[in-house]
Amino acid sequence: MHMMDDYFCTVERPGRYLGNEVNLPRKDWAGCQVRIVLAFPDVYEVGMSHLGILLLYDILNQQDWIGAERVFAVWPDLEVRLRTRGRPLVSLESGTPLAFFDVVGFSLQYELSYTNVLTMLELGGIPVRRADRGKELPLVIGGGPNAFNPEPVAPFFDAFVLGDGEELILEIARTVREGKTQRAERHDVLRALSKLEGVYVPEFFVPRYKSQGQIAEITPRYPEQNRVRKRILSSLDLSRPPTNPLVPCARVIHDRLSLELTRGCTRGCRFCQAGMIYRPVRERSPQETLKLAEEGLSSTGYGELSLLALSIGDYGCIQGLLQTLMAYHSDGQIAISLPSLRVGTLDETMIETISQVRKTGFTLAPEAGSERLRRVINKGITENDLLETVRTIYAAGWPLIKLYFMMGLPTERFEDLEALVALAHKVWREAASHKPPRRLHVSVSTFVPKPHTPFQWAGQLTLPEIEENLAFFKQQLRKKGLKFKWHQPWQSLLEGVFSRGDRRLAEVLLRAYQLGCRFDGWSEQLRPDLWQRAFAEVGLDPAFYGERSRNFEEILPWSHLDCGVSKEYLWGEYERALAEVGTADCRTQGCNNCSVCDHEKVEMRLHHGMEVESVKSDLVEGEEDGLHRYRLVFAKMNSGRFLSHLEMATVLRRAMRRAKLPLAYSQGYNPTPRISFEAALPLGLESRVEEMEVILRQPVEVSELRSRFNNELPAGLEILEARKQQHPARQEAYRVVTYEATLPRGSWPSEGFRRFKEGLLPPLRQKSKRGEIVFGLEERMLNLEALDVSRIRLSLTQGGNGNIRVRDLLVHIFDLSREVILETRIVKISSKPMEG
């Protein structure tokens, strides 16, 4: 990693910053004609769970002349260290500061990540305001769902991408290359970009405001371009996910292979922005899906496949596809997850199919508690639909169901809240009726009106109303086996303000950032007091943007941005909502004239009734012929020391899958490879003598096992020895372990050596989960010697009533500071059973 690995051990989760993923492209990054860094304004584990950034990364890097790298928001602890030492934020791949790229492309998924955008720009050496950037600095471009109303951040961006980016991203790169070749002025490059369908350049549109605060008009600088229409990919089969996707070594939120099965949705839920801006529906062909699953699982070693869609059960071939996927991958113990399941699209066959390998949790989203309110939002499911689905899921053995609701929906009454509680109680009673009892999680979020939806004109709950509703739910949803979750009120308020905000909010955002706001989507980081101060200092009232309703005639901040769905259609849906009238699904009931489809190039592309062809899996070869036990010794050095024990174990499991080793699996709800380790090595320590035991279903020559395994391991991990054995390794009560430690600077204090030699070291008191443990060092410490002024070797006995933490021991002996001990390189060089 290029971002200061000298003090990785002093920050939380250093694995976020390694840049050591499996399947990294190998390029001369600095030699590429166009250099783009894809920026995600949240931590690594969130950003690397997002399919879009991985897809664009692959598309760009398939071109020899483009170098696409990545950067993520750094946690506040590393931000402090970067600022203290005057070091810039750099890309993961080459360690290049952001200011040296041609394009910085931000993925804008969530309004509460906006302060992180400003942090990343400033840390990367780029002025946060667009107007302050010179010709030599990169273009800052945003994309994702928030680009459909980017006005609150428009002063910080040069351009935005509306809609599908697979084709457009290459057109942008070509335009930038041409501008570099011609040494064009920044304005000329932006003018050329603005002519690409789907590119919005905010400086070419000027809003003017009324005295009451509403927008009077939005004037285009070039009258022939008075609206920007989103880009639409005609077929999802034109968007091919990477066959060798990046595989993180550090733990991420969605640690699995994700395949987009469908883009768009026809259900027409009136609160759902994704259901409007991603129209029309385009389904990936089942044959292409099977091929992609085969290639992706083989190249990544993932044990879980996630099929993505806004409503996965609506996919035309879902039954046959699931059954085929399970048939070809069950031997490899591949679990299939369907994150977005709609009540009414599930049946017993589907549930049974996906429960064959692994049963964890099942997520359902009724959204509203009463039948009336579900008609208002056009959800189209009944209470009986939900309860029948719940019974089927619990009966199939699933231990947990998660229900998602919203409060504050248009026309909501108190009886709707009571209906939500009553429905949750009915599901809870069903869960409690099983032996053992099943579990239930109920999450309630505050409704946030979103642009380009029928509810974009509706008001949002005030803070007191949100808090009053939450108090009601907390009191009513107290049940054993029922866990209630909710969103913080201030987070919902800020999301609502920036979701429908205008350019004037940029000053509030900038002031909040200057005051110290970061990671506002993380409850523990949110600072409502600083946000209140920012609004007050700028002189804007959040109520104007959040709780205020709009009318049809009002010019909205995004009125010049065209998602394809007409304003007239959205208003008609809003009126139908107020009348509690549903709208049919155009997939089955005919066109509703929303204006997205031209029924030539742009139209729904479905795959109903298509036969699913067989694709042979080679993930696990051969048949089981018994169990074969192997003992492996491996090194965990350099960047490997920044992986936690759980992260390392995951990396090793995936490497064995990629190596096509015939792993044996445990039994039960969650089958896992039969792999075991010695005591976990603390984060930050290195070792040349770690041990693990692996059980295979077929014999493999030890030299071949070691070779195949090492070929799939990332830098920092290496198999040194492999031997076959008949019985499990004997667990020794005590082991003699030897370490070498090297100070980052200075020399080891001589007083520590003297006290050891004279037997004057007091007992080491070490806290643990079981309480305080006292180690007598005259019995535990066997040797301590200086190899040179900065390097020592020590041997001690580990085991028995606990293991001594080596860092604690060195601090105890030499009275070192926390910073020095965390930067000290400690290597475990020997571990042997204690004789006698």
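Any residue at all in segment 715-728 that's more than 40 Å from the chain's Cα centre (by Cα) and in a strand (DSSP E or B)?
Narrowing segment 715-728 to residues more than 40 Å from the chain's Cα centre (by Cα): 725-727.
Checking which are in a strand (DSSP E or B) leaves us with 725.
Checking segment 715-728: at least one residue is more than 40 Å from the chain's Cα centre (by Cα) and in a strand (DSSP E or B).
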Go through the residues of segment 789-799 one by one and say whether even a single one is within 42 Å of the chain's Cα centre (by Cα) and at pLDDT below 90.
yes
Of the residues in segment 234-256, those that are open to solvent by 10 Å² or more (accessible area, probe 1.4 Å) and outside any loop (DSSP other than H, G, I, E, B) come to ASP237, LEU238
What pairs come up if the first residue lies in segment 11-31 and is at negative phi, the second is among the basic types (Lys, Arg) and outside any helix (DSSP H, G or I), and their beta carbons are under 8 Å apart, counting only those six or more places apart or on different chains?
GLY15/ARG251; TRP29/ARG35
I'm told ARG755 meets every condition in (1) exposed (fewer than 11 other Cβ atoms within 10 Å of the Cβ); (2) under 16 Å from GLY776 (Cα atoms) except one. Can you identify the failing condition by its number?
(1)
Could you tell me which residue of segment 665-695 is surrounded by the most Cβ atoms within 10 Å (Cβ to Cβ), considering only residues that are free of Cβ contacts under 8 Å to residues at least 40 places away in the same chain and among the aliphatic types (A, V, I, L, M)?
ILE675
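Can you name every residue in segment 775-792 that is part of a strand (DSSP E or B) and under 27 Å from ARG730 (Cα atoms)?
Scanning segment 775-792 gives PHE775, MET781, LEU782, ASN783.
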Examine segment 470-492 for a residue that is on the phi > 0 side of the Ramachandran plot, within 25 Å of the chain's Cα centre (by Cα) and either surrounded by fewer than 22 Cβ atoms within 10 Å (Cβ to Cβ) or assigned to a loop (DSSP other than H, G, I, E, B) (or both), and state whether such a residue exists.
no
Can you find a residue that is under 27 Å from LEU259 (Cβ atoms) and among the aromatic types (Phe, Trp, Tyr) anywhere in segment 321-328?
yes
Looking at segment 495-531, which of its residues are outside any loop (DSSP other than H, G, I, E, B), surrounded by fewer than 20 Cβ atoms within 10 Å (Cβ to Cβ) and in contact with a Phe, Trp or Tyr (Cβ under 6 Å, 6 or more places away or on another chain)?
PRO528
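Would you mind stating whether ARG174 is touching a residue at least 60 places away in the same chain (Cβ under 8 Å) and of a type in the set (Lys, Arg)? Break it down into steps so the answer makes sense when it comes.
Values: touching a residue at least 60 places away in the same chain (Cβ under 8 Å): no; of a type in the set (Lys, Arg): yes.
Taking the combined requirement at face value, the residue does not satisfy it.
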Considering segment 291-317 alone, what residues qualify as being open to solvent by less than 10 Å² (accessible area, probe 1.4 Å) and either in a helix (DSSP H, G or I) or touching a Phe, Trp or Tyr at 6+ places or on another chain (Cβ under 6 Å) (or both)?
LEU292, ALA293, GLY296, LEU297, THR300, ILE312
Looking for whichever is out of contact with any Pro (no Cβ under 8 Å at 6 or more places or on another chain), of a type in the set (Ser, Thr, Tyr) and more than 30 Å from GLY15 (Cβ to Cβ) here; the options are SER707, SER687, SER703, SER768. Which one fits?
SER703
Condition broken by LEU540, with the remaining ones in (1) part of a helix (DSSP H, G or I); (2) in contact with a Leu (Cβ under 8 Å, 6 or more places away or on another chain); (3) under 21 Å from PRO150 (Cβ atoms); (4) open to solvent by 30 Å² or more (accessible area, probe 1.4 Å) satisfied
(1)
Do we have any residue at all in segment 444-463 that's within 23 Å of ARG527 (Cα to Cα), under 30 Å from the mean Cα position of the chain (by Cα) and of a type in the set (Gly, Ala, Ser)?
yes
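Assess whether CYS563 counts as being at negative phi and touching a His at 6+ places or on another chain (Cβ under 6 Å). I'd like the intermediate steps shown before the answer.
Details: at negative phi: yes; touching a His at 6+ places or on another chain (Cβ under 6 Å): yes.
When the stated conditions are applied, CYS563 passes them.
Tally the residues that are open to solvent by 20 Å² or more (accessible area, probe 1.4 Å) and either in contact with a Cys (Cβ under 9 Å, 6 or more places away or on another chain) or closer than 24 Å to TYR739 by Cα (or both), restricting the search to segment 642-653. Working first, answer last.
The first filter runs over segment 642-653 and keeps only residues open to solvent by 20 Å² or more (accessible area, probe 1.4 Å), leaving 644-646, 650, 653.
Still in the list and also either in contact with a Cys (Cβ under 9 Å, 6 or more places away or on another chain) or closer than 24 Å to TYR739 by Cα (or both): 644-646, 650.
Total meeting the criteria: 4.
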If you go through segment 98-114 one residue at a time, do you hit one that is at pLDDT below 95, over 27 Å from SER559 (Cα atoms) and not in a helix (DSSP H, G or I)?
no
Does GLY771 satisfy the criteria of being of a type outside the set (A, V, I, L, M), modelled with pLDDT of 90 or more and over 21 Å from THR824 (Cα atoms)?
no
In segment 793-836, how many are farther than 25 Å from LYS769 by Cα and either part of a loop (DSSP other than H, G, I, E, B) or open to solvent by 50 Å² or more (accessible area, probe 1.4 Å) (or both)?
8
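Name every residue in segment 633-684 that is polar (S, T, N, Q), over 17 Å from GLU721 (Cα atoms) and outside any loop (DSSP other than H, G, I, E, B), in order of residue number. Show your work before the answer.
From segment 633-684, those polar (S, T, N, Q) are 638-639, 644, 650, 666-667, 670, 672, 676; that's our starting set.
Filter once more, keeping what is over 17 Å from GLU721 (Cα atoms): 638-639, 644, 650, 666-667, 670, 672.
Within segment 633-684, ASN638, SER639, THR650 qualify.
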Can you name the strands (runs of 3 or more DSSP E) wholly within segment 121-224 that have at least 2 residues being surrounded by fewer than 16 Cβ atoms within 10 Å (Cβ to Cβ) and not aromatic (Phe, Trp, Tyr)?
205-209, 215-220
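Every residue, every condition in (1) without any contact (Cβ under 8 Å) to a residue 24 or more places away in the chain; (2) of a type outside the set (Gly, Ala, Ser); (3) exposed (fewer than 12 other Cβ atoms within 10 Å of the Cβ), yes or no:
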{"residue": "VAL737", "(1), (2), (3)": "no, yes, no"}
{"residue": "THR742", "(1), (2), (3)": "no, yes, no"}
{"residue": "GLY746", "(1), (2), (3)": "no, no, yes"}
{"residue": "GLU772", "(1), (2), (3)": "yes, yes, yes"}
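Just need a number here: residues in segment 700-732 that are surrounded by 14 or more Cβ atoms within 10 Å (Cβ to Cβ) and not charged (D, E, K, R). It would help to see each step written out before you state the result.
Here is the first cut: in segment 700-732, the residues surrounded by 14 or more Cβ atoms within 10 Å (Cβ to Cβ) are 700, 702, 705-706, 708-710, 712-714, 716-719, 722, 724, 732.
Filter again for not charged (D, E, K, R), leaving 700, 702, 705, 709-710, 713-714, 716-717, 719, 722.
Residues in segment 700-732 being surrounded by 14 or more Cβ atoms within 10 Å (Cβ to Cβ) and not charged (D, E, K, R): 11 in total.
The values are calculated or read from the model by the stated rules, or taken from the named source; none is laboratory data. Since the structure is predicted, the reported quantities are computational estimates derived from the model, not experimental observations. All Cβ positions, glycine included, derive from the backbone under ideal geometry; neighbour counts span all protein chains shown. Surface areas here come from the heavy atoms of the whole protein model, side chains and all, with no ligands, DNA or RNA. Shrake-Rupley method; radii C 1.70, N 1.55, O 1.52, S 1.80 Å.
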